[in-house]
Amino acid sequence: MELKDILAKIAKGEALTDEEKRFAGEFNLQTVLDSAASAARKKAEAEAKAAKDALAKVQGDFDAFKEANDPDKGKSELAKLTARLEKLEAARKAAEDKASALERTARIRALAREAGVNPAKGVDSKTIDLLVDHLMAEVDLDDADAVKTAFDGFKAANAGLIAANTVGGAGIKGTPGGGYTGPNPFSQKTFNLTKQLELQATQPEVAKSLEAAAAAEG
């Protein structure tokens, strides 16, 4: 069973089986996205380590060559080793920069979610991500006050793009709504897979609250 098959059935207006509903309810888009980001960071870190190890080997060859040869001989070989050393150093630095950038991006995404910077209904999450990346480009992520100030200012200046943090409305008795006021999509009575996926991607904390409320109903 794959998610695309379930979405295809929903698009056709076909009813889902209990097994398909259970599969959809257990599916967590945020977990998939976080897993992909983690895999990308691990790959970049592995590339950086490989480049560093290769650089160390060539550095050893370079040092051994200098010790074993007269400075006036073998200039061609020395030039080749020097070129390899410079190339590997550049590759190592590029790999480490890539890994560092991915790690910073993942951290910014997490800080944005903690600050309540989630796209409002109808706003593409990629748009918010690009704006947040620009906002945090020069901010020290270890400075909690600077991070809070940046996000508070961003939310105030872009209120129309950000989901409001309010108490839940119709169909969500006693649960935080994060700006969502429709029926609980996790409830058996108002089951809506499309809305579930949307909330899990844009408002994961709200989705968890709604899931808990639906479980309580059961």
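The values are calculated or read from the model by the stated rules, or taken from the named source; none is laboratory data. Keep in mind it's a predicted model, so treat the numbers as computed, not measured. When we count neighbours, we look across all protein chains shown, and the Cβ atoms used for this are built from the backbone with ideal geometry, even at glycine.
Looking at segment 130-150, is at least one residue without any contact (Cβ under 8 Å) to a residue 60 or more places away in the chain, of a type in the set (Val, Ile, Thr), out of contact with any Cys (no Cβ under 6 Å at 6 or more places or on another chain) and surrounded by 17 or more Cβ atoms within 10 Å (Cβ to Cβ)?
Among the residues of segment 130-150, at least one is without any contact (Cβ under 8 Å) to a residue 60 or more places away in the chain, of a type in the set (Val, Ile, Thr), out of contact with any Cys (no Cβ under 6 Å at 6 or more places or on another chain) and surrounded by 17 or more Cβ atoms within 10 Å (Cβ to Cβ), which makes the answer yes.
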Query raised in the report: Counting just the residues of segment 119-150 that are at pLDDT 90 or above and not in a helix (DSSP H, G or I), which one comes out farthest from the chain's Cα centre (by Cα)?
Result: ASP143
Report summary line: If we ask which residues in segment 100-118 are part of a helix (DSSP H, G or I) and out of contact with any Phe, Trp or Tyr (no Cβ under 8 Å at 6 or more places or on another chain), their number turns out to be 13
Query raised in the report: Which of the following residues is loosely packed, with under 11 Cβ neighbours inside 10 Å, within 30 Å of ALA201 (Cα to Cα), of a type in the set (A, V, I, L, M, F, W, C) and modelled with pLDDT of 80 or more: ALA101, ALA106, ALA15?
Result: ALA15
